[in-house]
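What follows is a set of notes on a single structure, which appears directly below.
The values are calculated or read from the model by the stated rules, or taken from the named source; none is laboratory data. Owing to the predicted nature of the structure, the values given are computational and were not obtained by experimental measurement. As a convention, Cβ positions derive from the backbone with ideal geometry for all residues, glycine included, and neighbour counts pool all protein chains shown. Keep in mind that these areas ignore ligands, DNA and RNA; they rest on the heavy atoms of the full protein, side chains included. Shrake-Rupley method; radii C 1.70, N 1.55, O 1.52, S 1.80 Å.
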Amino acid sequence: MKRLNIIRKASKALVFLAITVGGVGWGSMLTSCSDEPDTEHFYTFTGEMLSDYLNNRPYYSEFKTIVERADLMDLLATYGQYTCFLPSNEAIDTYLHERGLQSIDQLTDADCDTIARTHLVANMYSTFEMNQDRLITANLLGRYIATSQGVDNDSNAVVYLEGTAHIIFEQRLPDGSIIHQNDSVENGIVQPINMVIEKSNSYIADILRDNPKISMFYEALSATNVREQILLVEDPTYTKNQPKYYYKSHVWQEVAWVPDTRKYGFTAFVEPDSLYQAKFEEYGISTANGNLRALYDLACKIYDPVFPEDVNAPGHSFENLKDSVNPLHRFIQYHIMTRYVPGTSDLTALICKETKEAFGFDTKLINPVDWYQTLLPHTMLKVEQLTMNKDEAGNDCRGMDAAYVNRHFINRRYCAPLYTSRGALVDNTVEKDIVHDALNGHYFYVDDLVVFSYEVQNIVQNQRIRMDFSTIWPEVMTNDMRLKGNYTVDDSQSTPDDSNTPKNGKNYYFPQGYLDGVTINNNGYLVMRRPHCNFWSWQGDEWNLFGDYDMSFRIPPVPYSGEWQLRLGFCAIPTRGVMQSYFDGVPQGIPVDMTKELNDEVYLGDRYISNISDYKKMTDEEKAEEQKALRNLGVYRDGRSQYHFPPSGSKDYFLAHTSTHRKIVYQGYIDATKDHYIRFRVASDGKQGNNNEFMFDFWEMVPKSVYGVDSDGLMEDDI
């Protein structure tokens with residue numbers, strides 16, 4: 001066995017640095033959305049597979065038996081990339097004793113399967129890479145292991161798993177051998193642990209109930225009957241046994257699979273009881289009639305200005321907390337997103353190790369932001385990651401203390417000197433005795449109220465709303481498909497990898513009924529291509545429609561009724577087709593020809609500036625005049641903050657490229673209290689391009705306060 005002691009010492013020092021200097025905030029800067037491991041941080045150990053490692057060490061014989069009964073030993077004998085969190089016989093005996101069992105013989109085969117799969121991850125991770133609040137890859141059960149940094153009884157910096165078990169830094173065994181963290185084998189890495197890891201099989205409603213720190217929230221959750229809205233786990237009628245779909249996108253021959261699962265998920269942002277007590281005092285609310293009544297009174301103060309028409313409705317009263325118009329009912333609903341988010345790093349696009357930025361975001365210009373729908377009908381949460389608090393010149397550009405860099409906030413907006421809303425900070429703490437991750441959801445603490453207040457509705461969210469299509473439909477994130485795969489490697493253009501486990505990741509197509517609010521005719525295929533960092537696609541992935549498609553989808557809600565502009569971000573390529581869009585059944589303008597770039601004569605022709613340096617040389621007046629001319633033609637350049645990058649090259653910005661642009665698909669009044677639908681229907685003449693290929697990348701909803709700039713020399717910002 002060869003040890004790289006210098007790596008071992010560096011790993012200890014760096015984990016300690018993550019604890020003492022920046023915690024998760026520091027670690028987030030090192031987050032990689034790549035599936036490739038950083039093997040430089042491993043010990044090297046040659047000649048053994050994981051199966052051999054278990055067979056050759058009696059100290060782990062009980063876990064070996066569990067793996068064999070789970071029928072996984074053959075898997076660990078094959079080449080691949082695995083992390084094994086390895087409990088000793090002593091750790092397993094303690095686990096058995098706590099459950100009133102005497103030996104592993106009393107475990108069922110199902111028990112063994114759960115234990116084994118909980119401790120195995122199909123990727124390799126050193127302790128250095130465990131710098132977030134959860135492991136980047138799910139275990140073989142499809143669950144994410146919570147991680148945090150701490151110290152063991154010998155003051156060694158170690159990684160804790162689920163807040164209780166920790167990776168053993170180094171330990172001498174009775175036979176004189178030494179075990180230690182980051183020990184590599186031919187097909188993986190071994191992380192010895194001091195306890196058996198357990199994941200809760202409870203529902204999110206139950207783990208909320210079991211936390212005494214949030215008793216007021218849970219009491220309101222039950223009293224309003226919102227608890228019954230978060231009990232779904234998985235669609236029992238869904239089957240993944242459906243044929244693969246072969247297609248051609250641009251020049252790539254590819255294959256797509258249907259998703260493996262159709263799970264339901266929920267994520268809650270919850271205020272602790274102590275925060276509610278402080279808010280009662282701040283708002284002058286009495287608790288003489290109990291905390292539930294006080295919370296109802298607080299909800300009235302917040303939601304009555306938003307829904308004044310319901311103040312005198314019967315359902316508004318304290319006696320009707322289950323009614324949909326009740327303020328407390330709305331208060332609780334707005335805390336819960338209709339998707340599963342296992343860790344704070346998943347709230348916005350993952351940070352790529354090549355750029356040190358969230359995928360596709362130039363963080364010198366913009367913070368990473370995502371928008372998510374809640375259980376409260378027709379509302380969304382804005383989630384923002386604070387990536388910097390100073391611009392390149394050292395000026396305050398984020399309005400936030402540097403201690404919060406890389407942290408996430410709910411409904412935050414900074415547009416000084418006119419307005420600043422700090423928002424609610426999302427707590428990334430992994431607690432020792434409190435469970436935050438359930439079978440069908442996850443919850444985070446927040447340090448301020450999460451509410452759809454009049455201020456949030458009319459000021460915070462009164463801005464351009466830009467959403468990647470992979471975040472619009474909750475099923476994509478809940479079923480773990482967003483930004484998955486090796487984005488640094490392209491597949492063969494001519495021979496698709498259609499094995500059950502393609503090396504670089506899967507593309508997916510979505511059968512009718514899979515995505516809520518989406519209908520697709522039988523002759524159309526809706527495909528989500530896995531991310532590629534060098535594609536002209538914001539955040540790497542893109543969506544394609546093929547065939548004689550006719551697709552409708554319910555658009556995300558706007559925060560208030562008024563004049564809005566809806567835009568479709570896509571990349572024009574000669575292999576694509578023509579599409580007609582509709583808003584609520586009404587056709588919008590002439591069909592969109594996705595072969596026409598912005599330097600085509602139908603737009604600006606040779607007047608279009610397609611060099612980023614030349615664009616920057618334009619005066620503000622020239623930029624404003626060009627934007628107005630493009631808007632009159634129904635298009636905009638892409639944002640200046642959006643880019644892609646080759647794995648070994650510099651950023652390539654979408655704003656100055658001829659093919660990437662935003663098409664206006666509707667402009668007019670939108671009623672924020674109702675559902676609205678966009679329809680995409682093929683308008684190509686025959687089988688144009690790659691089977692009428694229609695590409696859509698991201699979506700924008702822009703209020704007139706932003707797009708309605710008419711004065712000479714003024715323009716909507718180009719970020």
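Are any of the residues in the range 594-607 touching a residue at least 60 places away in the same chain (Cβ under 8 Å), of a type outside the set (Ser, Thr, Tyr) and out of contact with any Gly (no Cβ under 7 Å at 6 or more places or on another chain)? I'd like the intermediate steps shown before the answer.
At the first step, the residues of the range 594-607 found to be touching a residue at least 60 places away in the same chain (Cβ under 8 Å) are 594-595, 597-598.
Filter once more, keeping what is of a type outside the set (Ser, Thr, Tyr): 594, 597-598.
Now drop any that are not out of contact with any Gly (no Cβ under 7 Å at 6 or more places or on another chain), which leaves 597-598.
Yes, because at least one residue in the range 594-607 is touching a residue at least 60 places away in the same chain (Cβ under 8 Å), of a type outside the set (Ser, Thr, Tyr) and out of contact with any Gly (no Cβ under 7 Å at 6 or more places or on another chain).
Yes/no per residue for (1) closer than 15 Å to residue 86 by Cβ; (2) surrounded by 17 or more Cβ atoms within 10 Å (Cβ to Cβ):
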residue: 189; (1), (2): yes, yes
residue: 193; (1), (2): yes, yes
residue: 208; (1), (2): no, yes
residue: 224; (1), (2): no, yes
residue: 234; (1), (2): no, no
residue: 239; (1), (2): no, no
Problem - Hey, residue 685 surrounded by fewer than 15 Cβ atoms within 10 Å (Cβ to Cβ) and either in contact with a strand residue (DSSP E or B) (Cβ under 8 Å, 6 or more places away or on another chain) or not charged (D, E, K, R) (or both) or not - result: yes
Problem - Residue count, the range 293-348 (criterion: free of Cβ contacts under 8 Å to residues at least 24 places away in the same chain and either part of a helix (DSSP H, G or I) or of a type in the set (Asp, Glu) (or both)) - result: 13
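A quick yes/no check of all residues on (1) at pLDDT below 95; (2) loosely packed, with under 15 Cβ neighbours inside 10 Å:
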| position | (1), (2) |
| --- | --- |
| 50 | no, no |
| 53 | no, no |
| 62 | no, no |
| 68 | no, no |
| 78 | yes, yes |
| 84 | no, no |
| 87 | no, no |
| 91 | no, no |
| 100 | no, yes |
Handout entry: Checklist (1) over 23 Å from residue 48 (Cβ atoms); (2) within 29 Å of the chain's Cα centre (by Cα); (3) not small (Gly, Ala, Ser) applied to residue 195, failing item
Key = (2)
Practice task
Please verify whether the range 653-674 includes one or more residues that are more than 30 Å from residue 379 (Cα to Cα), in a loop (DSSP other than H, G, I, E, B) and of a type in the set (Asp, Glu).
Solution key: no
Problem - Filter pass, residue 456 being at pLDDT below 95 and of a type in the set (A, V, I, L, M, F, W, C) - result: no
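From 141, 135, grab the single residue that is open to solvent by less than 10 Å² (accessible area, probe 1.4 Å) and part of a loop (DSSP other than H, G, I, E, B). Steps first, please.
Numbers: 141 fails: open to solvent by less than 10 Å² (accessible area, probe 1.4 Å).
Sole residue among the options that is open to solvent by less than 10 Å² (accessible area, probe 1.4 Å) and part of a loop (DSSP other than H, G, I, E, B): 135.
Of all residues in the range 345-358, count the ones that are among the β-branched types (Val, Ile, Thr) and surrounded by fewer than 24 Cβ atoms within 10 Å (Cβ to Cβ).
We begin by selecting, within the range 345-358, every residue among the β-branched types (Val, Ile, Thr); these are 348, 351, 355.
This time we only want the ones that are surrounded by fewer than 24 Cβ atoms within 10 Å (Cβ to Cβ), so: 348, 355.
Residues meeting the conditions: 2.
Please verify whether the range 256-274 includes one or more residues that are farther than 25 Å from residue 446 by Cα, among the basic types (Lys, Arg) and crowded, with 19+ Cβ neighbours inside 10 Å.
Filtering the range 256-274 for residues farther than 25 Å from residue 446 by Cα gives 256-263.
Retained after the next criterion (residues that are among the basic types (Lys, Arg)): 262-263.
Keeping just the survivors that are crowded, with 19+ Cβ neighbours inside 10 Å gives 262-263.
Yes, the range 256-274 has at least one match.
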Problem - The lone exception for residue 74 - which of (1) within 35 Å of the chain's Cα centre (by Cα); (2) closer than 24 Å to residue 48 by Cα; (3) in contact (Cβ under 8 Å) with a residue 24 or more places away in the chain it fails - result: (3)
Practice task
Would you check if residue 243 is surrounded by fewer than 21 Cβ atoms within 10 Å (Cβ to Cβ) and part of a loop (DSSP other than H, G, I, E, B)?
Solution key: yes
Exercise for the section: State whether the residues of the range 349-368 include one that is farther than 30 Å from residue 311 by Cα and part of a helix (DSSP H, G or I). Expected result: no
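Any residue at all in the range 447-463 that's open to solvent by less than 40 Å² (accessible area, probe 1.4 Å), of a type in the set (Val, Ile, Thr), in a loop (DSSP other than H, G, I, E, B) and touching a residue at least 24 places away in the same chain (Cβ under 8 Å)?
Initial filter on the range 447-463 (open to solvent by less than 40 Å² (accessible area, probe 1.4 Å)): 449-453, 456-457, 460-463.
Imposing the further condition that a residue be of a type in the set (Val, Ile, Thr) reduces the set to 450-451, 456, 460.
With in a loop (DSSP other than H, G, I, E, B) added as a condition, the list becomes 450-451.
Pick out the ones that are also touching a residue at least 24 places away in the same chain (Cβ under 8 Å) and you get 450-451.
Yes, that holds for at least one residue.
Quick one: in the range 196-206, of everything that is in contact with a strand residue (DSSP E or B) (Cβ under 6 Å, 6 or more places away or on another chain) and surrounded by fewer than 19 Cβ atoms within 10 Å (Cβ to Cβ), which residue is nearest to residue 158 (Cα to Cα)?
Here is the first cut: in the range 196-206, the residues in contact with a strand residue (DSSP E or B) (Cβ under 6 Å, 6 or more places away or on another chain) are 196-197, 200, 202-204.
Still in the running and surrounded by fewer than 19 Cβ atoms within 10 Å (Cβ to Cβ): 200, 202.
Working: 200: 23, 202: 28 Å.
Among those that are in contact with a strand residue (DSSP E or B) (Cβ under 6 Å, 6 or more places away or on another chain) and surrounded by fewer than 19 Cβ atoms within 10 Å (Cβ to Cβ), it is 200.
Can you name every residue in the range 619-637 that is among the polar types (S, T, N, Q) and not in a helix (DSSP H, G or I)? Working first, answer last.
Going residue by residue through the range 619-637, those that are among the polar types (S, T, N, Q) are 619, 627, 632.
Matches in the range 619-637: 619 only.
Can you pull out the strands (runs of 3 or more DSSP E) entirely within the range 469-587 that have at least 1 residues that are open to solvent by 10 Å² or more (accessible area, probe 1.4 Å) and without any contact (Cβ under 8 Å) to a residue 40 or more places away in the chain? Break it down into steps so the answer makes sense when it comes.
Details: elements: 507-509, 518-520, 524-529, 542-547, 550-554, 562-571, 578-583.
In the range 469-587, the matching strands (runs of 3 or more DSSP E) lie at 518-520.
So which residues in the range 604-618 are open to solvent by 60 Å² or more (accessible area, probe 1.4 Å) and outside any helix (DSSP H, G or I), if there are any at all? Give the derivation first.
Step one: filter the range 604-618 for residues open to solvent by 60 Å² or more (accessible area, probe 1.4 Å), giving 606-607, 610-611, 613-614, 616-617.
610, 611 - these are the residues of the range 604-618 that are open to solvent by 60 Å² or more (accessible area, probe 1.4 Å) and outside any helix (DSSP H, G or I).
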